[in-house]
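Here the structure comes first, spelled out in structure tokens, and everything after it is commentary.
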Amino acid sequence: MILIKYILFILIFLTSIIIGRLMSKKYVDRVRELKDMKNALNIFNSKIKFTYEPIGEVFEEISMTMNNNIGDIFADAKEKMSNRTASMAWESAVEHSDNNLNNEDKQTIKLLSKLLGQTDLEGQISQIAVTEEFINRQINQAEKEREKNEKLYKKLVPVLGMAIIVILI
């Protein structure tokens, strides 16, 4: 009986460590995904500026280049462009994406849809630059949150697991 009790305590402690690491990983992933989005927008900017490729083709190329949650947004937008405008497809793809970005990040990324496919080349390029600037702010904010919360979750949740064990003893 005592052996089962100790095994249970070990499982509680290990579970709390795993939960803490998973919670802290969300902050790390958010920063990474924001940086990936910034890189993708740089690619997008270069492609429409120098190659004059249609937006759908550029989205497809970026989705193949990125190969992660951010690439999935571009792939989804390309797919939705078959029956929607580019701006509506982008907005829908960002809204329905499955990633670690919070609502504020998604609203920032959706800014791109304002002029996407509706204005001339210069208008679209300037809108990409504005969106990149806002993403830079989001990256700075996300890094501050990561610094603050990553250590907190990695240390606090295992301590809570130990507290549960002490209570159960």
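Of all residues in region 71-87, those being touching a Leu at 6+ places or on another chain (Cβ under 9 Å) and not small (Gly, Ala, Ser) number 1. Residues in region 51-109 that are part of a loop (DSSP other than H, G, I, E, B) and β-branched (Val, Ile, Thr) were compared, and the one that is farthest from Met23 (Cα to Cα) is Thr51. If you scan region 47-57, which residues turn out to be more than 15 Å from Thr85 (Cα to Cα) and either under 25 Å from the mean Cα position of the chain (by Cα) or crowded, with 19+ Cβ neighbours inside 10 Å (or both)? Correct list: Lys47, Ile48.
Any residue at all in region 135-155 that is of a type in the set (Asp, Glu) and either in a loop (DSSP other than H, G, I, E, B) or at positive phi (or both)? No, region 135-155 contains no residue that is of a type in the set (Asp, Glu) and either in a loop (DSSP other than H, G, I, E, B) or at positive phi (or both). Ile43 - would you say it is touching a Gly at 6+ places or on another chain (Cβ under 6 Å) and β-branched (Val, Ile, Thr)? Taking the combined requirement at face value, the residue does not satisfy it. Check region 118-133 and report whether any residue there is assigned to a helix (DSSP H, G or I), within 30 Å of Gly20 (Cβ to Cβ) and touching a residue at least 12 places away in the same chain (Cβ under 8 Å). No, region 118-133 contains no residue that is assigned to a helix (DSSP H, G or I), within 30 Å of Gly20 (Cβ to Cβ) and touching a residue at least 12 places away in the same chain (Cβ under 8 Å).
Tell me yes or no: at least one residue of region 100-114 is within 17 Å of the chain's Cα centre (by Cα), at pLDDT below 80, crowded, with 17+ Cβ neighbours inside 10 Å and under 30 Å from Leu11 (Cα atoms). Yes, region 100-114 contains at least one residue that is within 17 Å of the chain's Cα centre (by Cα), at pLDDT below 80, crowded, with 17+ Cβ neighbours inside 10 Å and under 30 Å from Leu11 (Cα atoms). Checking the structure you have, find out if any residue of region 59-70 is within 19 Å of the chain's Cα centre (by Cα), of a type in the set (Ser, Thr, Tyr) and either more than 29 Å from Glu145 (Cβ to Cβ) or surrounded by fewer than 18 Cβ atoms within 10 Å (Cβ to Cβ) (or both). Yes, region 59-70 contains at least one residue that is within 19 Å of the chain's Cα centre (by Cα), of a type in the set (Ser, Thr, Tyr) and either more than 29 Å from Glu145 (Cβ to Cβ) or surrounded by fewer than 18 Cβ atoms within 10 Å (Cβ to Cβ) (or both).
Report yes if Arg84 is without any contact (Cβ under 8 Å) to a residue 12 or more places away in the chain and touching a helix residue (DSSP H, G or I) at 6+ places or on another chain (Cβ under 8 Å), otherwise no. Answer is yes for this residue.
The values are calculated or read from the model by the stated rules, or taken from the named source; none is laboratory data. The structure displayed is predicted, hence computed values, not measured ones. All Cβ positions, glycine included, derive from the backbone under ideal geometry; neighbour counts span all protein chains shown.
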